[in-house]
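Trainee: Dropping the structure in here first, questions after.
The values are calculated or read from the model by the stated rules, or taken from the named source; none is laboratory data. Just so it is clear, the model here is predicted, and its values are computed rather than measured. Ideal geometry is used to build each Cβ from the backbone, glycine not excepted, and the neighbour counts take in all protein chains shown.
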Amino acid sequence: MRSPAGGETGHQMPARTALWRSTIAFDKRAAKSFIRINDRIRAREIRVIDENGEQLGILPPFEALKIARERGLDLVEVSPNAVPPVCRIQDYGRFLYEKEKSERAARKKQKVITIKEVKFSVTVDEHDYQTKKNQAVRFLNEGDKVKASLRFRGRQMAHRELGYAIINRLIQDIGEAGIVEFMPRMEGTILHAILAPSKKQESAKPKPAAPTQQQSAPAVQ
């Protein structure tokens, strides 16, 4: 029933608005992932794989889409650069979920390298020096980079060689635990160097022993 002005009634408008919003949301998901689906597939011919992994051959997109809709599924372009492009009949929502799940798993496996800073002063005593050196070695052994920094204050700028001596000593004392990524250099009143974990140190990490075929029985107490 239409309103006197020829417009739609109140109960029709929310339904159309909800459909429009759901269509926009679906299109945004497709645009975000740059994947062509259903009517968006523009190739003249495509190689089609069904939801069970069976090859359906090379078909025009409209025929493949008809098959997908008869099965209540979507036609998803999974290999756009192939000749012809490869499309799979599947649930697009589930496809996005599995894709995002695998990407999250891949990100978790990536090693995040952080830079830990160890600060020195020109007047550092031996005990503090050893403590900070041990911190730097521990950070490197854990796979992190180390920024060794030393700030000159006031008249200390006239004796920068003392700061260089401390940072160079640290580099020598760390030894095989790390390699120098950036040699000591001045930035304003701060002298710093960047150390990275050495590849030798990473390869030296013990690997878990492989299980043996037979294990001896536990001793009887």
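Trainee: Exactly one condition in (1) crowded, with 19+ Cβ neighbours inside 10 Å; (2) in contact with an Asp or Glu (Cβ under 6 Å, 6 or more places away or on another chain) is false for residue 197; which is it?
Mentor: Single failed check for residue 197: (2).
Trainee: Return the residues of region 156-175 that are exposed (fewer than 14 other Cβ atoms within 10 Å of the Cβ), within 17 Å of residue 135 (Cβ to Cβ) and not polar (S, T, N, Q); say none if nothing qualifies.
Mentor: 169, 175
Trainee: Does region 46-55 contain at least one residue that is part of a helix (DSSP H, G or I) and either more than 33 Å from the chain's Cα centre (by Cα) or at pLDDT 90 or above (or both)?
Mentor: no
Trainee: Given (1) over 30 Å from residue 189 (Cβ atoms); (2) modelled with pLDDT of 90 or more; (3) surrounded by 13 or more Cβ atoms within 10 Å (Cβ to Cβ), where does residue 72 come up short, assuming only one miss?
Mentor: Status for residue 72: all satisfied but (3).
Trainee: Looking at this structure, is residue 96 among the aliphatic types (A, V, I, L, M) and modelled with pLDDT of 90 or more?
Mentor: No.
Trainee: For residue 191, which of the numbered conditions (1) of a type outside the set (Asp, Glu); (2) surrounded by fewer than 19 Cβ atoms within 10 Å (Cβ to Cβ); (3) in contact with a Leu (Cβ under 7 Å, 6 or more places away or on another chain) fails to hold?
Mentor: (2)
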